[in-house]
Every structure is written in C-alpha cells, then in structure tokens.
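A.B. asks: Next up is a structure, given as structure tokens.
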Amino acid sequence: MNKFDYMERYGYEQLIYFHDKTTGLKGVTCIHDTTLGPSLGGTRIWNYESEDDAVLDCLRLARGMTYKNAAAGLNLGGGKTVLIGDASTVKSEAYFRALGRYVQSLNGRYITAEDVNTTTKDMDYIHMETDYVVGLEGKSGNPSPITALGAFHGIRAALKFRFGSDDISRYTYAIQGAGETGRALISYLLEANAKKIYYSEINPKNIQKMEKEFPDCELVDPDNIYSLDVDVFAPCALGAVMNDKTIPILKSKIVAGNANNVLSDEERHGLMLKERGILYAPDFVINAGGVINVYHELHNYNRERVIKDVEKIYDRLLEIFRISEAENVHTQKAALVYAENRMNTIAAIHRNYIRR
Ligand code: NAD
C-alpha cells in the first residue's frame, strides 16, 4: 500500500507512528480531518498480522469517525489509534501512560477514547499524562444504553418515514444479538409497548439474561432471524450482515439497529436495500449515541443534555431519508452527503476573520 497515495485520495491530514522502548508500546494514530474540530476516535488494541493491516485499519476507522462525528452534529473531526499487540499481555499502567504522553504531544489535535480491547480503567491511566481523553471512570459511563437510546429514536424515525407513524406499539421487531446494546434497545422497545419482539443470540449467558429479564421476547434460530415476517430488523451483533445472501430473504421493511458496518459493501448493498424498498438507517448515524455521550465530557458532562442531543438522531435521520428520496440515492450515500454538506458549510463560514 502506498500510504501517501491513499492519504491524498481520501483527504487525510496526518499519520503518526510511535514506539516506546520501555513498555513495548507500538502503534499509529491517524488524524483524518479536523475541519469541524479536534479529531476524536477510540484506541483499539489488536494483534494485526502485519504493519500494513494495522495502518490500513487505522486509516479506515479514522475516516469513519470524521463522518460519524460530522453527521452527529458534533464539533469534532475524525481520528483513531491502533496499538499492535496482544491485549491479554501488553496492558499495564506504564503502557497506557506512555500512550498518554504521545497523545499529549499532539497538542489537542486528537482526543482518544475506549474501543475494542480498551476500558475506562485504561483511559484513566492515559488521563494521568494528558487531558485529551474521554470515557473516564465516573464520567459519561457505559456507552451501550445511550447508544441504544439513539437507535430507539432512529427506529421511530424510520417507522415514521416508512409507515407514517412512529408509534412503536403498532409494529413487530427482530433483534439480532442480545448483548449490551441489543438488550438495552429491547428494554426501550418494551417500555414503548412494542407489539412483538423476536431475537437471536449465540451466547447462552445472554439468552439466560433475556429469559429472566424479558420472558415475553421470543428466541429464534440465528439463521432464521432475517426471514421473519416483521416490520423492523435491528442488527445489534456483527458487521456485514446485510449482504448478497441476506438481503433477498429479508421480509422487514426497515433495517435499523446498533451494529457498526452493517452493509457488507456500502454501495452495492445500500442500493440493493433501496431497490427492494427496504429503508436502511445508516449505521454511523443511528449508532452515534456513544460518541455523543463522550463528547459531552469535554463540556461539563450533563446527562439531561446528552439525552436531548441523542434524541436529535430522530430528526437527523428523517432529513437523511428525505435527501435519499429527493436525490434518488440510497440512504448510506445520503448520509455521507449530509455529513459532507455540514463539513463544507462550516468550513465556508469560517473563511472570514473575526476577532474572538
Ligand atoms: P456485545 O458483544 O455486548 O453484543 C453483541 C451480541 O451479539 C453478543 O451477545 C453476541 O453473543 C451476539 N452475537 C454474535 N454473533 C451473533 C449471531 N451470529 N447471531 C446472533 N447474535 C450474535 O456488543 P454491543 O456493545 O452490544 O455491540 C453490538 C454492535 O453495536 C457492534 O457492532 C458494535 O460495534 C456496535 N456499537 C456498539 C456501541 C456501544 O456503545 N456498545 C456503540 C456503537 C456501535
């Protein structure tokens, strides 16, 4: 991979390599775009097969954060850090403090947070060396319930657009994955008197939790979840679940949930869903509750304000659905247009000089 070609093609600003001899810390931070504000994105630890795999993952994830943050109405750009190593052995106080020092050296151009294989405890170590970290112990807390709240409002918006009413109690739902975000979403749907909820799950512990907490929900075989005759299919487990095999058998009229990277191929499967008349709520818009939540740590965290901000996912999705219809493009594409419009407009109003 020619990294400069890639960076030029997708408008990246900066790619930083770092290494700490004492702790073996080894990783890269990528800053994709800071038009709207400092870049923000989590730190992921993964045992990548090659350095190129790690860098490509970091570049791709940082760019994803630019769009997610822009579409969420946040004054943030997109960034990401990936650390190369085995998460079960590399972690220590010194390891994360060494990372904190690299983050500090970027002088606020990048703010880090939790991601795959990092926890609030790790963020607390990073915080000993830098203020440019969110997701700290005792602040915004577990992101899953707030992510699910965003998805709940996103589902309401999709119901409104597709069927004309956002009354949750009139419809049926299939939830794929009853983990942290899936169960939280189910609890919001039940609170709003959802007509019927089916779910699939592969972890026996989570099935037990479901049977205890939500006995009225019906467990179905993981392979059968796509073809259920329901109104909404909510992916809350894996990525790439909308693909050549699943879209043709889908009976729901809406796909809207918490999962990331739902479309196996954004262009192809975004279009396939549109052609089948299935309304897809773009993942990076509907599941932005978590990042909205940590963003508020930068401005005197207040739960009520976070909830109000997360509720805006409803109107945002309606606008994206309208763009999709007006421009005759699939909704994932419309969401990218929506995010780019915001970045371009804000960049344009910053052209004139004003003393502050
Ligand atoms: P989780 O691990 O708590 O839950 C996922 C659940 O899916 C697990 O219980 C797992 O057993 C189940 N599962 C895995 N494969 C399955 C299959 N084939 N069929 C049915 N169930 C299956 O994770 P989570 O935090 O709930 O995240 C779920 C999705 O939401 C992920 O894609 C994640 O990236 C995305 N997401 C989460 C957050 C958050 O705040 N946690 C924020 C944004 C996006």
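The values are calculated or read from the model by the stated rules, or taken from the named source; none is laboratory data. Keep in mind it's a predicted model, so treat the numbers as computed, not measured. Here the Cβ is made from the backbone with ideal geometry for all residues, glycine too, and neighbour counts use every protein chain on show. Keep in mind that these areas ignore ligands, DNA and RNA; they rest on the heavy atoms of the full protein, side chains included. Shrake-Rupley method; radii C 1.70, N 1.55, O 1.52, S 1.80 Å.
A.B. asks: Among the residues of the stretch 248-262, write down those that are farther than 14 Å from Ala158 by Cβ and either open to solvent by 10 Å² or more (accessible area, probe 1.4 Å) or aromatic (Phe, Trp, Tyr) (or both).
C.D. replies: Pro248, Ile249, Lys251, Asn260, Asn261, listed by residue number.
A.B. asks: Within the stretch 228-250, which residues are of a type outside the set (D, E, K, R) and either assigned to a helix (DSSP H, G or I) or more than 14 Å from the ligand (Cβ to nearest atom) (or both)?
C.D. replies: Val230, Val232, Ile247, Pro248, Ile249, Leu250
A quick yes/no check of all residues on (1) open to solvent by less than 30 Å² (accessible area, probe 1.4 Å); (2) hydroxyl-bearing (Ser, Thr, Tyr); (3) assigned to a strand (DSSP E or B):
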{"residue": "Gly27", "(1), (2), (3)": "yes, no, yes"}
{"residue": "Gly37", "(1), (2), (3)": "yes, no, no"}
{"residue": "Asp57", "(1), (2), (3)": "yes, no, no"}
{"residue": "Arg63", "(1), (2), (3)": "no, no, no"}
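A.B. asks: Also, I was wondering about something else. Could you give me the residue pairs with C-beta distances under 6 Å whose first residue belongs to the stretch 295-320 and is assigned to a helix (DSSP H, G or I), whose second residue is at pLDDT below 95 and surrounded by 17 or more Cβ atoms within 10 Å (Cβ to Cβ) wherever it lies, and which are 6+ apart or on separate chains?
C.D. replies: So the pair list comes out as Glu297/Ser140.
A.B. asks: Going by the conditions given, is Val285 within 12 Å of the ligand (Cβ to nearest atom) and either crowded, with 24+ Cβ neighbours inside 10 Å or not assigned by TED's automatic domain parsing to the domain that holds Phe163 (or both)?
C.D. replies: So Val285 fits the description; yes.
A.B. asks: Of all residues in the stretch 288-317, which are in contact with a helix residue (DSSP H, G or I) (Cβ under 6 Å, 6 or more places away or on another chain) and open to solvent by 60 Å² or more (accessible area, probe 1.4 Å)?
C.D. replies: If the condition is that a residue be in contact with a helix residue (DSSP H, G or I) (Cβ under 6 Å, 6 or more places away or on another chain) and open to solvent by 60 Å² or more (accessible area, probe 1.4 Å), then Glu311 is the only one that fits.
A.B. asks: What is the residue count in the stretch 203-227 for residues that are within 10 Å of the ligand (Cβ to nearest atom) and loosely packed, with under 12 Cβ neighbours inside 10 Å?
C.D. replies: Within the stretch 203-227, residues that are within 10 Å of the ligand (Cβ to nearest atom) and loosely packed, with under 12 Cβ neighbours inside 10 Å number 4.
A.B. asks: Here is a follow-up. Pairs please, first residue from the stretch 258-275 and free of Cβ contacts under 8 Å to residues at least 40 places away in the same chain, second anywhere and open to solvent by less than 40 Å² (accessible area, probe 1.4 Å) and more than 16 Å from the ligand (Cβ to nearest atom), Cβ atoms under 7 Å, 6+ apart in sequence or on different chains.
C.D. replies: Close Cβ pairs satisfying both conditions: His269/Ile247; Met272/Ile247.
A.B. asks: Please verify whether the stretch 128-138 includes one or more residues that are at pLDDT below 95 and within 16 Å of the ligand (Cβ to nearest atom).
C.D. replies: The answer is yes, given that some residue of the stretch 128-138 is at pLDDT below 95 and within 16 Å of the ligand (Cβ to nearest atom).
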